[in-house]
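The values are calculated or read from the model by the stated rules, or taken from the named source; none is laboratory data. Model, not experiment: these values are computed from the prediction. In this analysis, Cβ positions are derived from the backbone assuming ideal geometry, glycine residues included, and neighbour counts consider all displayed protein chains. Side chains are part of the model used for accessible areas, which takes the heavy atoms of the whole protein and leaves out ligands, DNA and RNA. Shrake-Rupley method; radii C 1.70, N 1.55, O 1.52, S 1.80 Å.
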Amino acid sequence: MGTTLLIGSCEPFSGKSAVVLGLVRKLLALKQEIRFGKPLATSFELDLHAVTPSPLLIDDDVRFVGETLGLEESQLIPSLQLTSESNALKRLLEGEIQSEMNFEDLQKTLANNKSLTVLEAAGSLHEGRLFGLSLSQLARGLEAHVLLVHLWQDSRSVDSLLMAKEELGERLLGIVLNSVNPDEIRFLENTIVPALDDIGLKVFGVMPR
(Lines give C-alpha, C1' and ligand atoms only; values in the text may rest on other atoms or scores of the structure.)
Protein backbone atom coordinates (compact mmCIF):
# COMPACT_ATOMS: atom_id res chain seq x y z
CA MET A 1 0.00 0.00 0.00
CA GLY A 2 1.29 3.46 -0.86
CA THR A 3 1.51 6.38 1.53
CA THR A 4 -1.76 7.98 2.66
CA LEU A 5 -1.93 11.58 3.88
CA LEU A 6 -5.05 12.86 5.61
CA ILE A 7 -5.79 16.59 5.55
CA GLY A 8 -7.94 17.46 8.55
CA SER A 9 -8.95 20.34 10.78
CA CYS A 10 -10.22 20.93 14.28
CA GLU A 11 -13.02 23.21 13.12
CA PRO A 12 -15.06 23.69 9.93
CA PHE A 13 -14.08 26.27 7.30
CA SER A 14 -10.41 26.21 8.23
CA GLY A 15 -9.22 26.21 4.61
CA LYS A 16 -8.51 22.51 4.01
CA SER A 17 -9.63 22.55 0.38
CA ALA A 18 -7.37 25.49 -0.48
CA VAL A 19 -4.39 23.77 1.17
CA VAL A 20 -5.21 20.52 -0.63
CA LEU A 21 -5.35 22.33 -3.96
CA GLY A 22 -1.98 24.01 -3.40
CA LEU A 23 -0.34 20.87 -2.01
CA VAL A 24 -1.51 18.58 -4.81
CA ARG A 25 -0.52 21.16 -7.43
CA LYS A 26 2.98 21.30 -5.93
CA LEU A 27 3.29 17.51 -5.79
CA LEU A 28 2.17 17.14 -9.40
CA ALA A 29 4.81 19.70 -10.43
CA LEU A 30 7.37 17.42 -8.73
CA LYS A 31 6.07 14.51 -10.88
CA GLN A 32 4.54 12.73 -7.88
CA GLU A 33 1.74 10.31 -8.72
CA ILE A 34 -1.35 11.44 -6.82
CA ARG A 35 -4.79 10.08 -5.99
CA PHE A 36 -7.32 12.23 -4.17
CA GLY A 37 -10.63 11.70 -2.39
CA LYS A 38 -12.91 12.44 0.58
CA PRO A 39 -14.00 9.32 2.51
CA LEU A 40 -17.04 11.21 3.80
CA ALA A 41 -18.69 13.20 1.02
CA THR A 42 -20.24 16.48 2.11
CA SER A 43 -21.52 17.69 -1.26
CA PHE A 44 -22.69 15.56 -4.16
CA GLU A 45 -24.77 16.41 -7.19
CA LEU A 46 -25.57 14.05 -10.04
CA ASP A 47 -24.48 15.25 -13.45
CA LEU A 48 -27.83 15.08 -15.21
CA HIS A 49 -26.23 16.04 -18.51
CA ALA A 50 -23.77 13.15 -18.51
CA VAL A 51 -24.35 10.56 -21.25
CA THR A 52 -23.60 7.77 -18.76
CA PRO A 53 -24.03 8.99 -15.16
CA SER A 54 -21.30 7.62 -12.91
CA PRO A 55 -22.49 5.24 -10.16
CA LEU A 56 -19.56 6.31 -8.01
CA LEU A 57 -19.97 8.71 -5.09
CA ILE A 58 -17.43 11.41 -5.95
CA ASP A 59 -17.65 14.50 -3.74
CA ASP A 60 -18.12 17.79 -5.62
CA ASP A 61 -14.94 19.26 -4.08
CA VAL A 62 -12.99 16.22 -5.26
CA ARG A 63 -14.30 16.69 -8.80
CA PHE A 64 -13.41 20.38 -8.64
CA VAL A 65 -9.83 19.63 -7.58
CA GLY A 66 -9.60 16.93 -10.24
CA GLU A 67 -10.86 19.21 -13.01
CA THR A 68 -8.71 22.15 -11.86
CA LEU A 69 -5.50 20.10 -11.77
CA GLY A 70 -6.26 17.82 -14.70
CA LEU A 71 -6.49 14.58 -12.73
CA GLU A 72 -7.84 11.50 -14.47
CA GLU A 73 -11.07 9.88 -13.28
CA SER A 74 -9.00 6.93 -12.05
CA GLN A 75 -7.12 9.32 -9.72
CA LEU A 76 -10.33 10.33 -7.92
CA ILE A 77 -11.26 8.04 -5.02
CA PRO A 78 -15.00 7.52 -4.36
CA SER A 79 -16.41 8.38 -0.95
CA LEU A 80 -17.68 5.68 1.40
CA GLN A 81 -20.67 7.67 2.66
CA LEU A 82 -22.55 10.89 2.01
CA THR A 83 -23.24 12.94 5.12
CA SER A 84 -26.85 14.06 5.00
CA GLU A 85 -29.75 14.33 7.42
CA SER A 86 -31.45 11.24 6.02
CA ASN A 87 -28.27 9.13 6.08
CA ALA A 88 -27.46 10.22 9.63
CA LEU A 89 -31.00 9.41 10.80
CA LYS A 90 -30.85 5.98 9.14
CA ARG A 91 -27.55 5.14 10.81
CA LEU A 92 -28.78 6.39 14.18
CA LEU A 93 -31.97 4.34 14.00
CA GLU A 94 -29.95 1.28 13.02
CA GLY A 95 -28.00 1.72 16.26
CA GLU A 96 -24.62 1.68 14.52
CA ILE A 97 -23.14 4.63 16.38
CA GLN A 98 -20.63 2.53 18.33
CA SER A 99 -19.22 0.68 15.34
CA GLU A 100 -16.68 1.95 12.87
CA MET A 101 -17.12 1.80 9.12
CA ASN A 102 -15.56 -1.27 7.52
CA PHE A 103 -12.46 0.06 5.78
CA GLU A 104 -11.90 -3.11 3.76
CA ASP A 105 -13.14 -1.68 0.46
CA LEU A 106 -11.10 1.49 0.78
CA GLN A 107 -8.05 -0.45 1.91
CA LYS A 108 -8.37 -2.62 -1.21
CA THR A 109 -8.60 0.54 -3.30
CA LEU A 110 -5.35 1.79 -1.79
CA ALA A 111 -3.62 -1.61 -1.89
CA ASN A 112 -0.93 -2.24 -4.50
CA ASN A 113 -0.92 1.47 -5.17
CA LYS A 114 2.52 3.09 -5.14
CA SER A 115 1.24 6.64 -5.59
CA LEU A 116 0.59 9.10 -2.78
CA THR A 117 -3.04 9.19 -1.69
CA VAL A 118 -4.29 12.52 -0.34
CA LEU A 119 -7.60 12.32 1.52
CA GLU A 120 -9.57 15.27 2.84
CA ALA A 121 -11.32 14.51 6.13
CA ALA A 122 -14.58 15.99 7.37
CA GLY A 123 -14.90 19.55 8.64
CA SER A 124 -13.98 19.09 12.29
CA LEU A 125 -12.07 16.73 14.53
CA HIS A 126 -15.12 14.65 15.37
CA GLU A 127 -17.44 15.16 12.38
CA GLY A 128 -18.23 11.84 10.74
CA ARG A 129 -17.97 9.77 13.91
CA LEU A 130 -21.58 8.65 13.46
CA PHE A 131 -20.43 7.01 10.22
CA GLY A 132 -17.16 5.72 11.65
CA LEU A 133 -15.34 8.24 9.45
CA SER A 134 -14.01 10.85 11.85
CA LEU A 135 -10.43 12.03 11.48
CA SER A 136 -8.97 9.73 14.14
CA GLN A 137 -10.99 6.73 12.91
CA LEU A 138 -9.71 7.28 9.38
CA ALA A 139 -6.13 7.70 10.58
CA ARG A 140 -6.29 4.41 12.50
CA GLY A 141 -8.25 2.45 9.92
CA LEU A 142 -6.06 3.50 6.99
CA GLU A 143 -2.79 3.75 8.93
CA ALA A 144 -2.51 7.29 7.59
CA HIS A 145 -0.59 10.33 8.74
CA VAL A 146 -2.42 13.60 9.37
CA LEU A 147 -1.75 17.21 8.45
CA LEU A 148 -4.01 19.64 10.29
CA VAL A 149 -5.07 22.94 8.75
CA HIS A 150 -5.76 25.28 11.65
CA LEU A 151 -7.61 28.59 11.52
CA TRP A 152 -5.34 30.71 13.72
CA GLN A 153 -6.96 33.27 16.02
CA ASP A 154 -4.66 33.64 19.00
CA SER A 155 -2.89 31.41 21.51
CA ARG A 156 -6.22 30.29 22.97
CA SER A 157 -6.90 28.36 19.78
CA VAL A 158 -4.05 26.01 20.69
CA ASP A 159 -6.51 24.13 22.95
CA SER A 160 -8.08 22.33 20.01
CA LEU A 161 -4.65 21.48 18.60
CA LEU A 162 -3.66 19.88 21.89
CA MET A 163 -6.88 17.86 21.85
CA ALA A 164 -6.10 16.73 18.31
CA LYS A 165 -2.55 15.78 19.31
CA GLU A 166 -3.85 13.72 22.21
CA GLU A 167 -6.37 11.92 20.00
CA LEU A 168 -4.13 11.35 16.97
CA GLY A 169 -0.87 10.61 18.75
CA GLU A 170 2.00 9.71 16.42
CA ARG A 171 -0.35 9.88 13.41
CA LEU A 172 -0.18 13.69 13.58
CA LEU A 173 2.60 14.93 11.28
CA GLY A 174 2.06 18.60 11.98
CA ILE A 175 -0.05 21.64 11.24
CA VAL A 176 -0.52 24.56 8.88
CA LEU A 177 -1.60 27.81 10.52
CA ASN A 178 -4.11 29.40 8.16
CA SER A 179 -5.78 32.80 7.71
CA VAL A 180 -3.15 34.66 9.71
CA ASN A 181 -3.20 38.46 9.75
CA PRO A 182 -0.26 39.42 7.49
CA ASP A 183 0.96 41.88 10.14
CA GLU A 184 1.30 39.01 12.61
CA ILE A 185 3.15 36.49 10.42
CA ARG A 186 6.65 37.51 11.54
CA PHE A 187 5.62 37.32 15.21
CA LEU A 188 4.14 33.87 14.68
CA GLU A 189 7.19 32.58 12.82
CA ASN A 190 9.63 33.95 15.40
CA THR A 191 7.68 33.30 18.60
CA ILE A 192 4.61 31.07 18.27
CA VAL A 193 6.01 28.49 15.84
CA PRO A 194 9.03 27.61 18.06
CA ALA A 195 6.72 27.42 21.09
CA LEU A 196 4.37 25.04 19.29
CA ASP A 197 7.32 22.92 18.21
CA ASP A 198 8.46 22.70 21.84
CA ILE A 199 5.12 21.12 22.82
CA GLY A 200 5.19 18.63 19.94
CA LEU A 201 3.18 20.55 17.33
CA LYS A 202 5.35 20.90 14.23
CA VAL A 203 4.32 23.79 11.99
CA PHE A 204 4.80 23.24 8.24
CA GLY A 205 3.52 26.62 7.13
CA VAL A 206 1.92 29.93 8.07
CA MET A 207 -0.67 31.07 5.53
CA PRO A 208 -1.87 34.70 5.35
CA ARG A 209 -5.50 35.75 4.95
Any residue in region 1-21 that is farther than 13 Å from residue 146 by Cα sitting within a Cβ distance under 8 Å of a residue that is hydroxyl-bearing (Ser, Thr, Tyr) and open to solvent by 50 Å² or more (accessible area, probe 1.4 Å)? List the pairs, counting only those 6 or more apart or interchain. 21/68
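Can you confirm whether residue 135 is under 12 Å from residue 125 (Cβ atoms) and either buried (at least 16 other Cβ atoms within 10 Å of the Cβ) or polar (S, T, N, Q) (or both)?
So residue 135 passes the test.
For region 69-80, what are the residues that are open to solvent by 60 Å² or more (accessible area, probe 1.4 Å) and of a type outside the set (Asp, Glu)?
Restricting attention to region 69-80, the residues satisfying the condition of being open to solvent by 60 Å² or more (accessible area, probe 1.4 Å) are 72-74.
Result: 74, single match.
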Check whether at least one residue in region 177-190 is within 16 Å of the chain's Cα centre (by Cα), open to solvent by 10 Å² or more (accessible area, probe 1.4 Å) and of a type in the set (A, V, I, L, M, F, W, C), and report yes or no. no
Taking only region 18-44 into account, find how many residues are modelled with pLDDT under 90 and polar (S, T, N, Q). 2
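Suppose we filter region 139-176 for residues that are outside any strand (DSSP E or B), of a type outside the set (D, E, K, R) and surrounded by 15 or more Cβ atoms within 10 Å (Cβ to Cβ); how many remain?
Step one: list which residues in region 139-176 are outside any strand (DSSP E or B), which gives 139-144, 152-171.
Right, trim to of a type outside the set (D, E, K, R) and you get 139, 141-142, 144, 152-153, 155, 157-158, 160-164, 168-169.
Now restrict to residues that are surrounded by 15 or more Cβ atoms within 10 Å (Cβ to Cβ): 139, 141-142, 144, 152, 158, 160-161, 164, 168.
Final tally of qualifying residues: 10.
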